[in-house]
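Peer 1: My questions all concern the structure below.
The values are calculated or read from the model by the stated rules, or taken from the named source; none is laboratory data. Keep in mind it's a predicted model, so treat the numbers as computed, not measured. Here the Cβ positions follow ideal geometry from the backbone for every residue, glycine too, while neighbour counts run over all protein chains shown.
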Ligand SMILES: Nc1nc2c(ncn2[C@@H]2O[C@H](COP(=O)(O)OP(=O)(O)OP(=O)(O)O)[C@@H](O)[C@H]2O)c(=O)[nH]1
Ligand SMILES: [Mg+2]
Ligand SMILES: [Zn+2]
């Protein structure tokens, strides 16, 4: 009886661990396509090596030759948060091999720094993206618009996390500014100076969900995650006087939260290059006004009957916001493509038992004709 009880308890712990890691029905089902391989989740990356967790083990893994050669962009390689198919379920006989990456429900992508213009996956299969911005020197509305454009395209839901509220004396002003530009986005305020200063973020981190913290260096991402973990697992460091961070966190890493859910910590980003963006969601105010412009192809410069210019004149929209919109439009190679692709993949998974969407359509048609 006691053994049975212990067994039940162990199963519960295991199931909770898997649930908190995000192993939900969707991935378990997709994994059945590869009956000879094992399902795991990438929790950290060290250049070419990955730390992976499976249902009963943790091991190092590398991408298979085939996966490496078929990858065009950096973002085609495994990323932290990815669900992957491995050749083994324990690491006692050397590194495991990652053969497949399961289809991603969301992916936060940025153009990598440097000349390569490569596209890098920051975090995969996340439900919520915490865009962290500190309420002192880091506060910058134009940068926030940039983060939001990518986040809305990622397939995850953005939440703005304003950190270091203890260092800000104009909180109501800052909030009013943000509310004007982060349309339809939750905004939460945190401080690590009080015991409950991090509690506003708790409601977003629940069983089976994965959240990612992104933002500039030194805004307090790792400090918040340590609070969630209940102990100082991640190194945090004071930043210099001029608030230029030293990049304390150097790798992306996924942690399981004891109370439920998983979080991904990321190193502070110096620049955030935009490859794919959802501008119509981020700048919904401008898009809605643009529909009322006299000319369909209005550039909102000095055309007559321009509703956007009218709104700027009346102080409803800042000129800077329109410029930010134009700049991102120019920079983004794709608009709304990422999310559309993800949507298509979801549909394909849904219809996989028919052999994909095309066969599903034929099937529905044949039913109708009967
Ligand atoms: N006053 C104040 N300081 C904070 C707060 N949160 C974090 N800090 C301090 O800010 C510094 C940077 O915090 P980190 O958590 O390392 O910042 P990070 O965003 O993880 O930085 P990177 O890892 O470099 O990206 C540390 O000295 C923290 O103690 C806060 O709410 N108020
Ligand atoms: Mg950090
Ligand atoms: Zn116009």
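Peer 1: Checking the structure you have, find out if any residue of the range 101-112 is surrounded by fewer than 23 Cβ atoms within 10 Å (Cβ to Cβ), within 30 Å of residue 167 (Cβ to Cβ) and within 20 Å of the chain's Cα centre (by Cα).
Peer 2: Taking every residue of the range 101-112 in turn, at least one turns out to be surrounded by fewer than 23 Cβ atoms within 10 Å (Cβ to Cβ), within 30 Å of residue 167 (Cβ to Cβ) and within 20 Å of the chain's Cα centre (by Cα).
Peer 1: Now a separate question. Restricting to the range 230-256, give me the number of residues that are modelled with pLDDT of 90 or more and over 17 Å from the mean Cα position of the chain (by Cα).
Peer 2: Qualifying residue count for the region: 0.
Peer 1: On to the next question. Give the range 165-182 a look and list any residue that's part of a loop (DSSP other than H, G, I, E, B) and modelled with pLDDT of 95 or more, or say none. Show your work before the answer.
Peer 2: Step one: list which residues in the range 165-182 are part of a loop (DSSP other than H, G, I, E, B), which gives 168-170, 182.
Passing the criteria: only 182.
Peer 1: Just name the residue that is farthest from ligand 3 (Cβ to nearest atom) out of those in the range 297-316 that are in a loop (DSSP other than H, G, I, E, B) and closer than 18 Å to residue 177 by Cα. Lay out the reasoning, then the answer.
Peer 2: Filtering the range 297-316 down to residues in a loop (DSSP other than H, G, I, E, B) leaves 297-306, 314-316.
Within this subset, residues satisfying the condition of being closer than 18 Å to residue 177 by Cα are 314-316.
Details: 314: 14, 315: 17, 316: 14 Å.
Per the criteria, the residue is 315.
Peer 1: Say we look at the range 257-289 and pick out the residues that are crowded, with 19+ Cβ neighbours inside 10 Å, outside any loop (DSSP other than H, G, I, E, B) and over 18 Å from the mean Cα position of the chain (by Cα); which of these is farthest from ligand 1 (Cβ to nearest atom)? So that I can check it myself, show each step before the final result.
Peer 2: In the first step, residues of the range 257-289 are kept if they are crowded, with 19+ Cβ neighbours inside 10 Å; the result is 257, 261-266, 268, 273-279, 281-283, 286, 289.
Filter once more, keeping what is outside any loop (DSSP other than H, G, I, E, B): 262-265, 273, 276-277, 279, 281-282, 286, 289.
Okay, now just the ones that are also over 18 Å from the mean Cα position of the chain (by Cα), so 286, 289.
Values: 286: 31, 289: 36 Å.
Taking the candidates together, the pick is 289.
Peer 1: Can you tell me which of 123, 200 is buried (at least 17 other Cβ atoms within 10 Å of the Cβ) and out of contact with any helix residue (DSSP H, G or I) (no Cβ under 9 Å at 6 or more places or on another chain)?
Peer 2: Numbers: 123 fails: out of contact with any helix residue (DSSP H, G or I) (no Cβ under 9 Å at 6 or more places or on another chain).
Going through 123, 200 in turn, just one is buried (at least 17 other Cβ atoms within 10 Å of the Cβ) and out of contact with any helix residue (DSSP H, G or I) (no Cβ under 9 Å at 6 or more places or on another chain): 200.
Peer 1: Suppose the filter is within 20 Å of the chain's Cα centre (by Cα), crowded, with 19+ Cβ neighbours inside 10 Å, under 21 Å from residue 261 (Cβ atoms) and without any contact (Cβ under 8 Å) to a residue 60 or more places away in the chain; does residue 22 pass it?
Peer 2: Details: within 20 Å of the chain's Cα centre (by Cα): yes; crowded, with 19+ Cβ neighbours inside 10 Å: yes; under 21 Å from residue 261 (Cβ atoms): yes; without any contact (Cβ under 8 Å) to a residue 60 or more places away in the chain: no.
No, not satisfied.
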